[in-house]
Amino acid sequence: DSGVTQTPKHLITATGQRVTLRCSPRSGDLSVYWYQQSLDQGLQFLIQYYNGEERAKGNILERFSAQQFPDLHSELNLSSLELGDSALYFCASSVRTDTQYFGPGTRLTVL
Amino acid sequence: AQSVTQLGSHVSVSEGALVLLRCNYSSSVPPYLFWYVQYPNQGLQLLLKYTSAATLVKGINGFEAEFKKSETSFHLTKPSAHMSDAAEYFCAVSTGTASKLTFGTGTRLQVTL
């Protein structure tokens, strides 16, 4: 158990819909990272927040957005969903260290 | 920019045999290197990391890796495979503290009797 929690574990929705994925980092970790794992693209970095502020952006679509709240939990919002958005979405957290600890992931299926 | 290449998407070894999973990296700055393992339907678990200290790094479950700057490699080894080692292994690189990870495409390790 890494100490990072993600909800929900599974999400099934239809094309065009909007979903929110939630991540609670390890206690004391200020940085939250979001990654997408798909068969086509592998594991790709989406976005990073540090203490409530966006720190870095990767291959994140404009239809996707994220935020980190004052209690340090983070949400990833995915809108206008397409079939190709079906993937595993991981959250990871770290303090000011090099090691990222990953949550169990949310499996998103878009039908 | 940084990148990681993992040679061999599938590796099969017999139980008790040596495990060798290959990883080569490219980085414009001194890299931080990681190996993560993913068991079916689970998240990523850190096996070991290199962060500019000792070049031979020991991790959990008997795994180790050696950083070779001249070869830009960070191969993962284990002297004797166990059935429980069957999983997918990812090599990753970052540029340092609180930086994004760039992953390789992964190597699926199969362990046979």
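The values are calculated or read from the model by the stated rules, or taken from the named source; none is laboratory data. It should be emphasised that the depicted structure is a prediction, and the values quoted were computed from it without experimental measurement. Here the Cβ is made from the backbone with ideal geometry for all residues, glycine too, and neighbour counts use every protein chain on show.
Quick grid of which residues meet (1) among the polar types (S, T, N, Q); (2) surrounded by 14 or more Cβ atoms within 10 Å (Cβ to Cβ); (3) within 14 Å of chain A (Cβ to nearest Cβ); (4) within 29 Å of residue A:95 (Cβ to Cβ):
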| residue | (1), (2), (3), (4) |
| --- | --- |
| B:76 | no, yes, no, yes |
| B:91 | no, yes, yes, yes |
| B:107 | yes, yes, yes, no |
| B:112 | yes, no, no, no |
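Looking at segment A:53-64 only, could you name the residues that are assigned to a loop (DSSP other than H, G, I, E, B) and within 14 Å of chain B (Cβ to nearest Cβ)? Full working, then the answer.
Narrowing segment A:53-64 to residues assigned to a loop (DSSP other than H, G, I, E, B): A:58-63.
A:58, A:59, A:60, listed by residue number.
When you scan segment B:4-60, how many residues do you find that are assigned to a strand (DSSP E or B), closer than 16 Å to residue B:71 by Cα, at pLDDT below 95 and within 12 Å of chain A (Cβ to nearest Cβ)?
Summing the residues that are assigned to a strand (DSSP E or B), closer than 16 Å to residue B:71 by Cα, at pLDDT below 95 and within 12 Å of chain A (Cβ to nearest Cβ) in segment B:4-60 gives 3.
Output the residue which, of all residues in segment B:46-60 that are of a type in the set (S, T, N, Q) and on the phi < 0 side of the Ramachandran plot, is surrounded by the most Cβ atoms within 10 Å (Cβ to Cβ). Give the derivation first.
Here is the first cut: in segment B:46-60, the residues of a type in the set (S, T, N, Q) are B:51-52, B:55.
Pick out the ones that are also on the phi < 0 side of the Ramachandran plot and you get B:51, B:55.
Numbers: B:51: 18, B:55: 12.
Of everything passing the filter in segment B:46-60, B:51 is surrounded by the most Cβ atoms within 10 Å (Cβ to Cβ).
If a residue must be more than 19 Å from residue B:93 (Cα to Cα) and surrounded by 19 or more Cβ atoms within 10 Å (Cβ to Cβ), how many such residues does segment B:14-23 contain?
Of the residues in that region, 1 qualify.
Return the residues of segment A:65-91 that are over 30 Å from residue B:31 (Cβ atoms) and assigned to a loop (DSSP other than H, G, I, E, B); say none if nothing qualifies.
A:69, A:70, A:71, A:73, A:79, A:80, A:81, A:82, A:86
Looking at segment A:65-96, which of its residues are among the polar types (S, T, N, Q), within 21 Å of residue B:44 (Cα to Cα) and either without any contact (Cβ under 8 Å) to a residue 40 or more places away in the chain or more than 14 Å from every other protein chain (Cβ to nearest Cβ) (or both)?
Just the residues of segment A:65-96 that are among the polar types (S, T, N, Q), to begin with: A:65, A:67-68, A:74, A:77, A:79-80, A:86, A:93-94.
Those still in the list that are within 21 Å of residue B:44 (Cα to Cα) too: A:74, A:86, A:93-94.
Listed by number, the residues that qualify are A:74, A:86.
Could you say whether any residue in segment B:70-79 is under 26 Å from residue A:1 (Cβ atoms), touching a residue at least 60 places away in the same chain (Cβ under 8 Å), of a type in the set (A, V, I, L, M) and in contact with a Phe, Trp or Tyr (Cβ under 7 Å, 6 or more places away or on another chain)?
No - not one qualifying residue is present in segment B:70-79.
Name the single residue, out of those in segment A:12-37 being among the hydroxyl-bearing types (Ser, Thr, Tyr) and at pLDDT below 95, that is surrounded by the fewest Cβ atoms within 10 Å (Cβ to Cβ).
My answer is A:27.
Output the residue which, of all residues in segment A:6-39 that are within 11 Å of chain B (Cβ to nearest Cβ) and in a loop (DSSP other than H, G, I, E, B), is farthest from residue B:100 (Cα to Cα).
Once the filter is applied, the top-ranked residue is A:9.
Taking segment A:97-111 as the search range and keeping residues that are touching a strand residue (DSSP E or B) at 6+ places or on another chain (Cβ under 8 Å) and surrounded by fewer than 19 Cβ atoms within 10 Å (Cβ to Cβ), which one is farthest from the other protein chains (Cβ to nearest Cβ)?
Let us first name the residues in segment A:97-111 that are touching a strand residue (DSSP E or B) at 6+ places or on another chain (Cβ under 8 Å), namely A:98-111.
When the remaining residues are screened for being surrounded by fewer than 19 Cβ atoms within 10 Å (Cβ to Cβ), the result is A:99, A:107, A:109, A:111.
Numbers: A:99: 6, A:107: 8, A:109: 14, A:111: 20 Å.
Per the stated criteria, the residue is A:111.
Looking only at residues that are in a loop (DSSP other than H, G, I, E, B) and of a type in the set (D, E, K, R) in segment A:92-111, which one is modelled with the highest pLDDT? So that I can check it myself, show each step before the final result.
At the first step, the residues of segment A:92-111 found to be in a loop (DSSP other than H, G, I, E, B) are A:95-100, A:103-105, A:111.
In the following step, the residues that additionally are of a type in the set (D, E, K, R) were identified as A:96, A:98.
Details: A:96: 68, A:98: 73.
If we take residues in segment A:92-111 being in a loop (DSSP other than H, G, I, E, B) and of a type in the set (D, E, K, R), then A:98 is modelled with the highest pLDDT.
Cβ-Cβ distance below 7 Å, separation of 6 or more or different chains: which pairs start in segment B:3-31 with a residue that is of a type in the set (Lys, Arg) and end on one that is part of a strand (DSSP E or B)?
Close Cβ pairs satisfying both conditions: B:22/B:6; B:22/B:7; B:22/B:75.
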